[in-house]
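K.L.:
Pasting a structure below so you can have a look.
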Amino acid sequence: MKEQVEQPIILGIESSCDDTSAAIVRGTRLLSSVIASQKVHELWGGVVPELASRAHQQNIVPVVDAAFKQANIRKEDVNAIAFTRGPGLLGSLLVGTSFAKSLSLALGVPLIEVNNMQGHILANFVDTDDATAHPSFPFLCLTVSGGHTQIVRVDDYFSMTVLGETIDDAAGEAFDKIGKILSLPYPAGPHIDRLSRQGNPNAFTFSRPQVQGLDFSFSGLKTSVLYFVQKMQKENEAFVEENLADLCASVQYTIIDILLRKVKKAVKETGIRTLAIAGGVSANSGLREALKLWASHSKVDLHLPSLHFTTDNAAMIAVTGYFKYTQGEFTDQSATATARYSL
Ligand code: KG4
């Protein structure tokens with residue numbers, strides 16, 4: 001094994017869901033980032049696990065190769081390999097995990113396992129030319145993705161406490177499932193975001209869930225949109241097409257309102273006035289605008305990740321790998337992928 005260096009070159013590999021990604025960092029500085037998104041799932045209206053694993057197998061070698069070329073780094077120069085061990089789809093995780101283990105053996109460099117949720121939060125520390133200041137500890141992070149919705153108290157790179165999370169669907173899942181009801185392609189989040197800009201957020205009102213503490217719930221919203229749409233379609237078959245932008249804007253407004261209420265409560269209860277957001281839904285333009293507006297009024301120090309690092313990506317895995325490398329936190333070859341992996 002190579003000896004530990006101060007500015008290690010880390011290769012990150014991410015394959016937890018439907019994006020195959022590889023990235024290389026030197027310290028926290030991003031040298032390259034390549035993502036192959038899998039279009040095959042659009043046909044089925046959601047991620048098909050078996051198809052995802054097969055696509056990862058096809059993509060992983062070219063994606064890793066492209067990351068080395070983009071960074072202008074030789075494989076022999078790598079000091080460690082970080083990979084997503086979980087949470088996610090088991091078959092998908094197995095591809096990245098097995099690939100990382102084999103390459104680490106071949107190159108004689110250490111392996112570092114990374115929790116995808118920790119990676120999303122630490123995406124806020126990836127250094128690029130357009131990176132803004134990093135959040136200072138302690139901060140709160142609203143992690144909103146297709147599989148998770150959490151408010152996390154982050155005391156340092158390794159000390160994270162989940163203060164609240166969804167008790168049913170995740171925020172991204174709500175966007176995607178409601179998008180399906182509205183006949184939008186998968187993943188529907190970006191389509192709802194785009195269409196919302198032309199719609200009236202107050203056109204339709206949907207009820208908010210009454211959930212205790214800092215937990216969230218989104219499945220009731222999905223059901224109320226479904227029943228509402230079915231009722232309206234009985235009177236007018238073209239109801240969805242004729243009101244699509246207003247429906248999207250009203251749904252998006254409701255999801256943002258649910259998220260914002262809990263964020264405000266978390267800030268009040270913890271007294272922590274630094275907030276970051278992470279995960280695929282943190283790309284939502286309405287959510288970003290609403291948070292900016294509230295943060296500027298409430299004197300909250302808000303950190304919005306660059307759009308490149310909102311959805312699953314290996315840059316966040318590589319940078320988390322760097323922080324673990326500095327602590328000597330390595331993983332041995334017996335590590336296995338795990339679908340469930342808490343922070
Ligand atoms: O973090 P992510 O890439 O990984 C998974 O958890 O799979 O998040 C994907 C989720 C999807 O549900 C997608 O619809 C949502 O993020 N998403 C968005 C936007 N961009 C992606 N939701 C709302 N607005 C967006 N602009």
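The values are calculated or read from the model by the stated rules, or taken from the named source; none is laboratory data. Not measured: the values here are computed from a predicted model. Backbone-built Cβ (ideal geometry, glycine too); neighbour counts: all protein chains shown.
K.L.:
Take the residues in segment 1-24 that are of a type in the set (Val, Ile, Thr) and under 19 Å from the mean Cα position of the chain (by Cα); name whichever of them is farthest from the ligand (Cβ to nearest atom).
P.N.:
Applying the filter and picking the extreme gives Ile24.
K.L.:
Within segment 71-126, restricting attention to residues that are among the hydroxyl-bearing types (Ser, Thr, Tyr) and out of contact with any helix residue (DSSP H, G or I) (no Cβ under 8 Å at 6 or more places or on another chain), which residue is nearest to the ligand (Cβ to nearest atom)?
P.N.:
Taking segment 71-126 as the starting set, the residues that turn out to be among the hydroxyl-bearing types (Ser, Thr, Tyr) are 84, 92, 97-98, 102, 104.
Adding the requirement that they be out of contact with any helix residue (DSSP H, G or I) (no Cβ under 8 Å at 6 or more places or on another chain) leaves 97-98, 102, 104.
Working: Thr97: 18, Ser98: 21, Ser102: 25, Ser104: 25 Å.
The residue in question is Thr97.
K.L.:
Looking only at segment 137-154, count every residue that is crowded, with 20+ Cβ neighbours inside 10 Å and at pLDDT 95 or above and tell me the total.
P.N.:
11
K.L.:
Those residues that are touching a strand residue (DSSP E or B) at 6+ places or on another chain (Cβ under 7 Å) and not aliphatic (A, V, I, L, M), I need them from segment 184-230; list them, please. Break it down stepwise before answering.
P.N.:
Pass one, segment 184-230, residues touching a strand residue (DSSP E or B) at 6+ places or on another chain (Cβ under 7 Å): 213-218.
Result: Gly213, Asp215, Phe216, Ser217, Phe218.
K.L.:
Can you find even one residue in segment 125-136 that is assigned to a loop (DSSP other than H, G, I, E, B), surrounded by 20 or more Cβ atoms within 10 Å (Cβ to Cβ) and of a type in the set (S, T, N, Q)?
P.N.:
No, there is no match, as no residue in segment 125-136 is assigned to a loop (DSSP other than H, G, I, E, B), surrounded by 20 or more Cβ atoms within 10 Å (Cβ to Cβ) and of a type in the set (S, T, N, Q).
K.L.:
So, in segment 1-51, how many residues would count as being of a type in the set (Val, Ile, Thr), in contact with a helix residue (DSSP H, G or I) (Cβ under 7 Å, 6 or more places away or on another chain) and modelled with pLDDT under 95?
P.N.:
First, the residues of segment 1-51 that are of a type in the set (Val, Ile, Thr): 5, 9-10, 13, 20, 24-25, 28, 34-35, 40, 47-48.
Going one step further and asking which of them are in contact with a helix residue (DSSP H, G or I) (Cβ under 7 Å, 6 or more places away or on another chain), we end up with 9-10, 13, 20, 24-25, 28, 34, 40, 47-48.
Remaining after also requiring modelled with pLDDT under 95: 40, 47-48.
Counting residues in segment 1-51 that are of a type in the set (Val, Ile, Thr), in contact with a helix residue (DSSP H, G or I) (Cβ under 7 Å, 6 or more places away or on another chain) and modelled with pLDDT under 95 gives 3.
K.L.:
Anything in segment 201-210 that is surrounded by fewer than 17 Cβ atoms within 10 Å (Cβ to Cβ) and modelled with pLDDT of 95 or more? List them, or say none.
P.N.:
Asn202, Ala203, Thr205
K.L.:
List the helices (runs of 4 or more DSSP H) inside segment 230-343, counting only whole elements, that have at least 3 residues being hydrophobic (A, V, I, L, M, F, W, C), buried (at least 18 other Cβ atoms within 10 Å of the Cβ) and within 16 Å of the ligand (Cβ to nearest atom).
P.N.:
In segment 230-343, 244-270, 285-298, 314-326 are the helices (runs of 4 or more DSSP H) which contain 3 or more residues that are hydrophobic (A, V, I, L, M, F, W, C), buried (at least 18 other Cβ atoms within 10 Å of the Cβ) and within 16 Å of the ligand (Cβ to nearest atom).
K.L.:
Do you know which of the residues in segment 166-200 that are away from the ligand (no atom under 11 Å from the Cβ) and among the small types (Gly, Ala, Ser) is surrounded by the fewest Cβ atoms within 10 Å (Cβ to Cβ)?
P.N.:
Only one residue tops the list, namely Ser183.
K.L.:
Here's something else I'd like to know. Just to be sure I understand, how many residues within segment 160-219 are of a type in the set (Asp, Glu) and under 27 Å from Glu269 (Cα atoms)?
P.N.:
The first filter runs over segment 160-219 and keeps only residues of a type in the set (Asp, Glu), leaving 165, 168-169, 173, 176, 193, 215.
Now restrict to residues that are under 27 Å from Glu269 (Cα atoms): 165, 168-169, 215.
Counting residues in segment 160-219 that are of a type in the set (Asp, Glu) and under 27 Å from Glu269 (Cα atoms) gives 4.
K.L.:
Which residues, taken from segment 133-158, are in contact with a His (Cβ under 7 Å, 6 or more places away or on another chain) and away from the ligand (no atom under 14 Å from the Cβ)?
P.N.:
Answer for segment 133-158, where residues must be in contact with a His (Cβ under 7 Å, 6 or more places away or on another chain) and away from the ligand (no atom under 14 Å from the Cβ): just Pro135.
K.L.:
If you check every pair at least six apart or on different chains, which have Cβ atoms under 6 Å apart with a residue in segment 235-255 that is on the phi < 0 side of the Ramachandran plot first and a residue that is assigned to a helix (DSSP H, G or I) and of a type in the set (Ser, Thr, Tyr) second?
P.N.:
Cys248/Ser196; Ala249/Ser196; Gln252/Ser196
K.L.:
Here's something else I'd like to know. Can we say Glu14 is surrounded by fewer than 16 Cβ atoms within 10 Å (Cβ to Cβ) and among the acidic types (Asp, Glu)? I'd like the intermediate steps shown before the answer.
P.N.:
On the way: surrounded by fewer than 16 Cβ atoms within 10 Å (Cβ to Cβ): no; among the acidic types (Asp, Glu): yes.
No.
K.L.:
Do the conditions hold for Val40, that is, is it in contact with an Asp or Glu (Cβ under 9 Å, 6 or more places away or on another chain) and hydrophobic (A, V, I, L, M, F, W, C)?
P.N.:
yes
K.L.:
Among (1) farther than 22 Å from Arg340 by Cβ; (2) within 16 Å of the ligand (Cβ to nearest atom), where does Phe206 come up short?
P.N.:
Among (1) farther than 22 Å from Arg340 by Cβ; (2) within 16 Å of the ligand (Cβ to nearest atom), Phe206 violates only (2).
K.L.:
Exactly one of (1) of a type outside the set (Phe, Trp, Tyr); (2) assigned to a helix (DSSP H, G or I); (3) in contact (Cβ under 8 Å) with a residue 24 or more places away in the chain; (4) more than 24 Å from Val40 (Cα to Cα) is unmet by Ile81. Its number?
P.N.:
(2)
K.L.:
Let me ask another. For segment 39-70, enumerate the residues that are touching a residue at least 60 places away in the same chain (Cβ under 8 Å), crowded, with 17+ Cβ neighbours inside 10 Å and not in a loop (DSSP other than H, G, I, E, B).
P.N.:
Across segment 39-70, the qualifying residues are His41, Ala67.
K.L.:
What's the number of the condition Leu30 fails, among (1) part of a loop (DSSP other than H, G, I, E, B); (2) crowded, with 16+ Cβ neighbours inside 10 Å; (3) away from the ligand (no atom under 14 Å from the Cβ)?
P.N.:
(1)
Let's see how each residue does on (1) touching a residue at least 40 places away in the same chain (Cβ under 8 Å); (2) of a type in the set (Ser, Thr, Tyr); (3) part of a loop (DSSP other than H, G, I, E, B):
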site	(1), (2), (3)
Gly146	yes, no, yes
Ile151	yes, no, no
Asp156	no, no, yes
Val162	yes, no, no
Asp176	yes, no, no
Gly179	no, no, no
